[in-house]
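Here the structure is laid out as structure tokens; the discussion comes afterwards.
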Amino acid sequence: MRDWMVSFLCDDVIDLPAMIRVGLPIAVADAHAEVKKKAAWVTENGGGKGAVREVCELIMQAQGKYETRIDAYLSV
């Protein structure tokens, strides 16, 4: 069993071939409807409006690393 997964954040139909091959396909809120259908998760924020940050925070929280990273940042 591997301890990693590949994710792909996308927004348009040109991304579909790659999207269906990854472990965690994610669409931004303002993605094309077909892309949203194939996504395991759709962000609340649109492309260029915080979607990448949203996904990064989600992944860090899922890994249990978010709080320790924030604490480390604040202690500098």
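The values are calculated or read from the model by the stated rules, or taken from the named source; none is laboratory data. These figures come from a predicted structure and were not determined experimentally. Quick reminder, even Gly has a Cβ in these numbers, built from the backbone with ideal geometry, and neighbours come from all protein chains shown. Ligands, DNA and RNA are stripped out before the accessible areas are found, and what is left, the full protein with its side chains, is counted by its heavy atoms. Shrake-Rupley method; radii C 1.70, N 1.55, O 1.52, S 1.80 Å.
Restrict the check to the stretch 3-24 and report whether at least one residue is under 16 Å from Cys56 (Cα atoms), open to solvent by 80 Å² or more (accessible area, probe 1.4 Å) and not hydrophobic (A, V, I, L, M, F, W, C).
Taking the stretch 3-24 first, the residues under 16 Å from Cys56 (Cα atoms) are 4-10, 23-24.
Filter again for open to solvent by 80 Å² or more (accessible area, probe 1.4 Å), leaving 4-5.
Next, only the ones that are not hydrophobic (A, V, I, L, M, F, W, C) stay: none.
No, the stretch 3-24 has no match at all.
Looking at the stretch 7-43 only, could you name the residues that are assigned to a loop (DSSP other than H, G, I, E, B) and within 23 Å of Arg69 (Cα to Cα)?
Going through the stretch 7-43, the residues assigned to a loop (DSSP other than H, G, I, E, B) turn out to be 11-12, 20-23, 28-32, 39-40, 43.
Within the stretch 7-43, just Thr43 meets the criteria.
Looking at the stretch 35-42, can you tell me whether even one residue there is exposed (fewer than 11 other Cβ atoms within 10 Å of the Cβ) and either among the small types (Gly, Ala, Ser) or at pLDDT 95 or above (or both)?
First pass over the stretch 35-42, keeping only residues exposed (fewer than 11 other Cβ atoms within 10 Å of the Cβ): none.
So far as the stretch 35-42 goes, no, none of its residues is exposed (fewer than 11 other Cβ atoms within 10 Å of the Cβ) and either among the small types (Gly, Ala, Ser) or at pLDDT 95 or above (or both).
Does any residue of the stretch 49-71 turn out to be loosely packed, with under 12 Cβ neighbours inside 10 Å, in a loop (DSSP other than H, G, I, E, B) and modelled with pLDDT of 95 or more?
No - not one qualifying residue is present in the stretch 49-71.
Taking Lys38 as meeting all but one of (1) of a type in the set (D, E, K, R); (2) in contact with a Leu (Cβ under 7 Å, 6 or more places away or on another chain); (3) within 17 Å of Ile59 (Cα to Cα), write down the number of the exception.
(3)
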